[in-house]
Amino acid sequence: MDGLLSVNPVQFGVILLAGIVHASLQLELGALLLLYHASLGKHIKQKTKDLVSNYILGSAMLVILFVSTIIFLISSVSYTSLSTESIAVLAAVLLMLAVLIWLFYYRSRQTTELWLPKSIARYINKRAKLTDSNIEAFSLGMLTAFSEMPFSFVLMVLAADSIVLMPFEIQFLVVLLYAFISVLPLFILRFFIKRGSTVVDIQKWRMRNRNFFKVLSGTLFLTLAIFVIAFRVLGA
């Protein structure tokens, strides 16, 4: 409890915002829809539930591993958080990513196909359709989380940098919190499927709101960049 009370609001704000921005990315959600579509047609519901659970676990596990590794590297190299100059560079990267998302995150205005190279997109599509075991589903979750790394890596670095500044006894709990926030849309999708929504209905809804999600995600990147510049660079 004492560790939680001693947390700096700015540190927690960076972690919370970074997690929300991470959650706004669409690749893991799209791959989970593909997995649902393929599995519901050939498996009983319990089998599909197990595959989905392991997919979500794989996505979360990769985030936990990367954030934990970054925390270890930061604390080993600098024994404290990153320098103000390094944070400024990360903020500039966030601004660049906001522009890239607005302009290039979706391939076209007619589909929800994302920025991925077509060879990687075809591979993920193929793996989602062929996934038939919990291990394969877990691996698919890790793969899609890793494939989103060009956009999510800077978010995990900023989150890790703030976690380093927190009391050691709560750091792993905060890592888990960040991972949970990042995969929260996957739980929400699972909830709506359980309540009776179909994969087709959800995909149509994603298509109708594609521009909204693009603007939202880019704006969240921009918001995080402004927050970091205001409180971690200018306020250092």
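Tabulated data for the structure shown
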item	result
Straight-distance crosslink candidates among lysines, where the alpha carbon sits under 17 Å from K118 and sequence neighbours closer than 8 are dropped	K126, K129
Degrees, to the nearest 10: 27-40 long Cα axis against longest axis of the chain	30
Within-15-Å neighbourhood charge of L155 [Cβ basis; K, R +1; D, E -1]	-2
Sites V77 and L165, calculated FRET efficiency, Cβ-Cβ separation with R0 22 Å, nearest 0.05	0.90
Separation of the K129 and T69 label points, Cα + 7 Å toward Cβ, nm	3.1
Efficiency of FRET between N211 and I120 - r from beta-carbon atoms, R0 22 angstrom, step 0.05	0.40
Length released on extending from F146 to E85, taking residue separation times 0.36 nm less the Cα-Cα span	19.3 nm
For segment 53-106: rounded, prolate or oblate by the Cα gyration tensor [a/c cutoff 1.5]	oblate
Under 5 Å, built H, 5+ apart or other chain: amide partners of L114	R107
Net lengthening on full extension, S139/K49 (0.36 nm per residue, minus Cα-Cα)	30.8 nm
Accessible area in square angstrom per residue, the chain, 1.4 angstrom probe	51
Accessible surface of segment 96-236, 1.4 Å probe, proportion on carbon and sulfur as whole %	69
Span from the segment 68-89 Cα centroid across to the segment 134-188 one, whole angstrom	17
Gained length - S108 relative to N8, 0.36 nm times residue gap less alpha-carbon distance	31.8 nm
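The values are calculated or read from the model by the stated rules, or taken from the named source; none is laboratory data. Please read all numbers here as calculations on a predicted model, not as lab measurements. Please note: Cβ atoms are built from the backbone with ideal geometry, for glycine as well, and neighbour counts cover all protein chains shown. We work out accessible area using only protein heavy atoms, side chains counted, and drop any ligands, DNA or RNA first. Shrake-Rupley method; radii C 1.70, N 1.55, O 1.52, S 1.80 Å.
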